[in-house]
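Here's the structure, in structure tokens; my notes come after.
The values are calculated or read from the model by the stated rules, or taken from the named source; none is laboratory data. Quick caveat: nothing in here was measured; it's all calculated off a predicted structure. Please note: Cβ atoms are built from the backbone with ideal geometry, for glycine as well, and neighbour counts cover all protein chains shown. We work out accessible area using only protein heavy atoms, side chains counted, and drop any ligands, DNA or RNA first. Shrake-Rupley method; radii C 1.70, N 1.55, O 1.52, S 1.80 Å.
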Amino acid sequence: MVATEVRKIALVGNPNSGKTSLFNALTGLRQKVANYPGVTVDVKKGTAKHNGQSYNIIDLPGTYSIYPKTDDERIVYDVLLNQDHPDHPDGVIVVADGSNLKRNLLFCSQIIDLGIPVIIALTMHDILEKEDVKLDVNALSEKMGVPVIPINPRKLTGVDELKSNLEKEFKNRPEPIYQSVPLDPNYLVEGRKLFPGATDYQLMLYATGADNENGLPQDAKDKIQALNKKYGINFSALQGKETLDRYRIIDDIIKSSIDDSRRKPQQTTEKLDRILTHRVSGPIILIAVLFVIFQSVFALAEYPMMWVESGTAFVSEFLRGNLPGGWATNLLVEGLVAGLGGIIVFIPQIAILFGFLTILEDTGYMSRISYITDRVMKSVGLSGKSVIPMMSGLACAIPAIMATRSIENWRNRLVTILVTPFMTCAARLPVYALLISVGIPNIKYFGFINLQGIVLLVMYLLGIAMSMFIAFVLKYFIKVRNNSIYVMELPIYRAPRWRNVLVTMYERSKIFVVEAGKVIMIISVILWLLASYGPADIGLANAGSEPAPTTEMTETTGASKELKSSFAGYLGRAIEPVIAPIGFDWKMGIAVITSFAAREVFVGTMATIYSVDATDENFQSVRQAMMNDMDDSGNKVYSLATVLSLLVFYAFAMQCMSTLAVVKRETKTWKWPIVQFIYMTAIAYVASFATFQLFSL
Amino acid sequence: MKLNELKIGEKAFITGFSDEVRSIQLMEMGCIPGEVIHLISRAPLGDPLAVMVSGYKLSIRKSEAVNIQVKPMSSENISIPA
């Protein structure tokens with residue numbers, strides 16, 4: 001057998017098997033996210049180098065079987081089965097979890113039977129050693145017919161051996177493991193006429209996959225379907241028999257390679273679970289964990305936030321002092337720097353939140369959260385599988401909505417997509433934090449419980465409650481059609497991979513700043529234009545006069561008058577009658593309008609409005625400006641009622657164009673994003689109205 | 001006997017399934033006829049069940065568990081206080 005020149009390698013395996021760690025170990029920093037539109041998991045591509053040779057490695061989504069149940073798993077199916085797929089590999093590395101070989105080998109054997117060269121990378125053998133199980137790697141390799149290389153990606157052992165094997169060991173066409181595919185031999189003969197060179201198993205996969213979108217050209221699919229009809233193929237019967245047969249073969253293979261007669265199973269996970277999933281202590285611990293996370297996000301981030309605030313003020317002063325006056329400097333300082341500062345100041349909170357979410361996932365506790373809450377989710381017509389996307393909505397609705405692809409049930413998936421934006425996302429954090437620090441007094445109870453923190457927690461709970469409530473309501477509007485199972489794995493507990501946590505914190509913050517930042521920058525500039533120039537500047541009627549400032553108070557009001565006669569002012573005043581009943585004034589009106597692009601723009605808008613407002617001498621930070629803002633009768637603009645009303649509005653309104661774009665992509669129609677926009681804004685208005693009127697009494 | 005009828009701590013052999021379509025997915029997750037399945041716990045509200053099978057710990061809803069047919073292991077029925 002001639003070793004084929006290997007260029008493209010695919011990395012596959014069960015979820016939680018250590019596949020991603022191996023990918024990182026092989027590619028180091030030479031990786032990027034591949035362009036697979038609309039996929040939840042990051043399909044990563046990277047390069048590995050060894051002995052002057054370069055290999056392109058693609059990290060495919062983890063799956064238990066080649067038969068896809070979700071859209072992510074379909075990628076594995078498409079890439080491996082379709083030889084014309086641009087990412088179809090020359091060889092496959094199957095990552096197998098050695099501590100639970102049986103199920104991992106099922107998938108391994110399916111891949112081997114596809115006829116692509118395979119190497120098995122065996123992970124978790126340290127667990128085997130701890131449990132006193134002896135695994136004969138050579139025997140296993142012989143029985144499977146492919147090289148088996150034990151690796152530990154975290155410690156990088158075995159990885160070099162794997163790399164040197166990439167060239168030598170990738171032989172042509174391994175022997176199929178599942179020899180007697182349960183198809184009529186005549187079917188196989190006719191099938192091979194359509195697909196010359198295909199293995200028996202490939203033909204079987206074509207047979208069972210013919211009704212689905214599997215990337216094959218339509219005429220090929222038609223021919224297969226004709227064949228299927230001719231031979232009376234029953235897919236589920238075939239699949240069922242295959243699975244059972246494979247397990248029988250694998251049983252034999254395992255018996256001859258493993259000696260677990262003296263196995264001492266690990267107790268740690270069980271002991272932890274006894275407490276963490278206990279009927280009483282489980283939910284209590286869960287609530288405590290959530291409480292800690294939210295208090296941390298608010299309190300821990302306090303110091304970095306202050307630094308960023310003073311840093312922004314410093315930069316602004318510096319620029320003003322050193323650059324010539326004029327519109328360009330104004331644009332820079334009041335439009336760009338102010339807007340940007342208002343966004344960067346919230347990176348600490350976002351990073352901390354994402355850090356916690358990653359830790360929850362890495363340790364395995366996230367699945368316990370799904371387990372504990374499954375029954376509650378069932379009562380609103382969803383399953384524990386919706387908990388993770390919804391929880392991700394606490395960071396950002398965009399990846400959360402993409403994460404719903406793992407929900408096989410289309411109806412549940414749609415509902416989850418519709419309610420997730422109610423979850424308090426990170427973009428609302430800047431808005432909440434600003435409003436709370438302006439309108440809620442900084443009181444501490446019992447010396448450590450912060451009133452502001454409590455209000456933040458209440459806002460979070462409000463979002464969660466509304467999403468559950470809407471899901472419940474949708475139970476009666478969007479009917480259930482049940483077809484796939486709600487079985488979930490509870491992996492062993494593991495220490496979090498701290499490097500992974502830090503990388504995620506950095507990447508997610510970067511995404512937030514860069515992607516939200518683009519929108520915010522553009523809007524900041526437009527806003528600055530709208531707020532600095534008015535109808536008078538382009539020769540329209542109602543030229544606003546510019547009163548000469550005398551005292552400090554008058555300075556601010558003078559500039560404020562200027563703002564009122566700008567385009568923005570006119571627009572804000574135009575919608576004032578609509579938003580007055582919910583306690584908003586024209587400045588908030590402008591902010592609400594611009595926030596329909598992205599919620600956190602509210603902060604940038606406020607920054608721009610108030611720094612445009614202030615004169616050269618005094619740079620006031622946004623918070624101060626808002627707190628000092630008085631209306632014409634000398635009352636605080638940001639009264640308790642108004643602040644609460646604003647908070648409630650931002651909790652429920654659909655104010656994120658990116659979310660709507662993702663919803664459109666996932667539901668493949670404009671219908672749902674439009675519906676979502678309408679009902680969310682309606683709920684926000686009604687709730688704000690109720691809140692404002694209530695607290696104005 | 002159905003899986004959800006086991007007591008906490010009880011072990012049993014999987015003998016079959018009463019739903020063909022779901023059976024494949026269950027088997028792919030490790031619920032294979034002939035394997036020992038061990039009911040570890042029930043979630044705080046009684047549903048879903050946490051079981052140990054083929055070396056994996058899985059969370060299975062009661063409504064799915066009724067599809068899995070089991071035969072209790074005769075001798076070792078250990079009852080762990082729930």
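Assorted remarks:
- Considering the conditions (1) outside any helix (DSSP H, G or I); (2) under 22 Å from B:Met52 (Cα atoms); (3) free of Cβ contacts under 8 Å to residues at least 40 places away in the same chain, A:Lys271 is excluded by exactly one of them, (1).
- Residue within the range A:178-189 that is at pLDDT 75 or above, touching a Leu at 6+ places or on another chain (Cβ under 8 Å) and in a helix (DSSP H, G or I) present: yes
- Scanning the range B:41-56 for residues that are open to solvent by 20 Å² or more (accessible area, probe 1.4 Å), part of a strand (DSSP E or B) and among the aliphatic types (A, V, I, L, M) returns a single hit, B:Met52.
- A single member of A:Glu270, A:Glu302, A:Glu317, A:Glu334 is of a type in the set (D, E, K, R) and in contact with a Ser or Thr (Cβ under 7 Å, 6 or more places away or on another chain), and it is A:Glu334.
- Every listed requirement among (1) free of Cβ contacts under 8 Å to residues at least 24 places away in the same chain; (2) under 11 Å from the mean Cα position of the chain (by Cα) is met by B:Met27 save one, (2).
- Considering (1) under 24 Å from A:Leu429 (Cα atoms); (2) buried (at least 16 other Cβ atoms within 10 Å of the Cβ), the lone condition that A:Leu331 does not fulfil carries the number (1).
- Any hit, the range B:40-50, residues being without any contact (Cβ under 8 Å) to a residue 12 or more places away in the chain, within 7 Å of chain A (Cβ to nearest Cβ) and under 12 Å from the mean Cα position of the chain (by Cα): yes
- Every residue from the range A:124-149 that is hydrophobic (A, V, I, L, M, F, W, C) and more than 30 Å from A:Ala495 (Cβ to Cβ): A:Ala139, A:Met144, A:Val146
- Here B:Ile68 qualifies as within 11 Å of the chain's Cα centre (by Cα), modelled with pLDDT of 90 or more, closer than 30 Å to A:Leu128 by Cβ and more than 7 Å from chain A (Cβ to nearest Cβ).
- Only a single criterion out of (1) facing chain A (nearest Cβ under 10 Å); (2) closer than 22 Å to A:Asn100 by Cβ; (3) open to solvent by 10 Å² or more (accessible area, probe 1.4 Å) is not satisfied by B:Leu26, namely (3).
- Looking across the range A:43-100 at every residue that is more than 24 Å from A:Glu666 (Cβ to Cβ), modelled with pLDDT under 85 and part of a loop (DSSP other than H, G, I, E, B), the one that is farthest from the other protein chains (Cβ to nearest Cβ) is identified as A:Gly52.
- Residue within the range A:266-275 that is hydrophobic (A, V, I, L, M, F, W, C), more than 10 Å from chain B (Cβ to nearest Cβ), open to solvent by 20 Å² or more (accessible area, probe 1.4 Å) and more than 30 Å from A:Met390 (Cα to Cα) present: no
- Near pairs, Cβ below 6 angstrom, 6+ apart or cross-chain, from the range A:364-384 (more than 7 Å from every other protein chain (Cβ to nearest Cβ) and closer than 16 Å to A:Val487 by Cβ) to any residue that is modelled with pLDDT of 85 or more and not in a helix (DSSP H, G or I): A:Ser367/A:Leu490; A:Arg368/A:Thr277
- Output for the range A:577-588, where each listed residue is surrounded by fewer than 22 Cβ atoms within 10 Å (Cβ to Cβ) and either touching a His at 6+ places or on another chain (Cβ under 9 Å) or farther than 21 Å from A:Leu697 by Cα (or both): A:Trp586
- Test set (1) part of a strand (DSSP E or B); (2) within 10 Å of chain A (Cβ to nearest Cβ) - B:Ser63 fails condition number: (1)
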